Amino acid sequence: MLHIGCHLSVSQGFLHMGKEAVSIGADTFQFFTRNPRGGSVRKLDINDMEALNQFMATHHFAPILAHAPYTLNGCSKTARTRQFAREAMADDLRRLEYLDHCRYNFHPGSHVGQGAETGIELIADMLNTAMFPEQKTMILLETMAGKGTEVGRTFEEIAAIIKQTVYNDKIGVCLDTCHVFDGGYDIVHQLDAVLAQFDSIIGLQRLQAIHINDSKNSLGSHKDRHEKIGAGNIGLPAFTAIVNHPALRELPFYLETPNDMDGYAHEISILRAAQHE
Ligand code: FE
Ligand code: FE
Ligand code: ZN
């Protein structure tokens, strides 16, 4: 069975998101750990988190995904921004220990002119500061479109970050279909070749999640504008191949398409129908 969900708002709590997911035919979901554009965080509610754990076990959820705020940039030029990134990540990781089967996804960062090599070092350094040996939560680096000075557009950059981290047995990758397509990887015509490249550079065992989004823009545009499934330049035939690919079909898929709840329910049913037995 396809493991799929969408991005949900945490504003009404954790258990509420679990129920919302079930109501649209999902068996997982994604949420922001804190205000995506600010960074402020909700009061810690351990009872609510434990209630979600129980709910997820009852309903056989696939791992859920906590997404770090966009303002978290561990390779900023500004020391204060780098410090916020380290503290927010460390705090997020401590809180997420109360959730079962949760992964933590973040955008590697933007080097803002310092160069990718410096960016990679600073990102690895942040991970080495924020992570801790007993940590249960696996951290996922998200593949990026290469907008501006984003680090993580190429599989080589992702691999270089992982290589410099201490607890790298707790590090995986989340592949965003819109981002890799905009980044120049032709998952429409060359899915096997792209995955073979991923395997030789990063290792497919690191691939732990898929952000499943269509793209408003063309291959290699470096734009990062998500589109509804089937309405963009990736298209439904490519998504059908993606949800059926032997290297991908067991992974959890998370929709980040421009939709309301009915739209998400519709996309989930389309993608479930697209996956062969
Ligand atoms: Fe993201
Ligand atoms: Fe994404
Ligand atoms: Zn995006």
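The values are calculated or read from the model by the stated rules, or taken from the named source; none is laboratory data. Worth saying up front: this structure is predicted, and the values here are computed from it rather than measured. Cβ: placed from backbone, ideal geometry, glycine included. Neighbour counts: every protein chain shown. Surface areas here come from the heavy atoms of the whole protein model, side chains and all, with no ligands, DNA or RNA. Shrake-Rupley method; radii C 1.70, N 1.55, O 1.52, S 1.80 Å.
I'd like to check something: does the stretch 147-165 contain any residue that is in contact (Cβ under 8 Å) with a residue 60 or more places away in the chain, within 16 Å of ligand 1 (Cβ to nearest atom), in contact with a His (Cβ under 7 Å, 6 or more places away or on another chain) and more than 19 Å from D92 (Cβ to Cβ)? The answer is yes, given that some residue of the stretch 147-165 is in contact (Cβ under 8 Å) with a residue 60 or more places away in the chain, within 16 Å of ligand 1 (Cβ to nearest atom), in contact with a His (Cβ under 7 Å, 6 or more places away or on another chain) and more than 19 Å from D92 (Cβ to Cβ). The criterion of being open to solvent by less than 20 Å² (accessible area, probe 1.4 Å) and polar (S, T, N, Q) holds for Q135. Screening the stretch 1-75 for strands (runs of 3 or more DSSP E) wholly inside it with 2 or more residues that are within 16 Å of ligand 3 (Cβ to nearest atom) and open to solvent by 70 Å² or more (accessible area, probe 1.4 Å) returns no ranges.
Tally time: how many residues in the stretch 146-160 are in contact with a strand residue (DSSP E or B) (Cβ under 8 Å, 6 or more places away or on another chain) and either of a type in the set (V, I, T) or more than 17 Å from S76 (Cα to Cα) (or both)? Total meeting the criteria: 3. Pick from the stretch 232-257 the residues that are away from ligand 2 (no atom under 16 Å from the Cβ) and part of a loop (DSSP other than H, G, I, E, B): which of them is surrounded by the fewest Cβ atoms within 10 Å (Cβ to Cβ)? The residue in question is P246.
Tallying residues that are within 16 Å of ligand 2 (Cβ to nearest atom) and not in a strand (DSSP E or B) within the stretch 129-147 yields 5.
Of everything listed in (1) more than 16 Å from ligand 2 (Cβ to nearest atom); (2) over 21 Å from I64 (Cβ atoms), the single unmet condition for F181 is (1). Restricting the stretch 141-170 to residues that are farther than 26 Å from S221 by Cβ and hydrophobic (A, V, I, L, M, F, W, C), the residue that is least open to solvent (accessible area, probe 1.4 Å) is I162.
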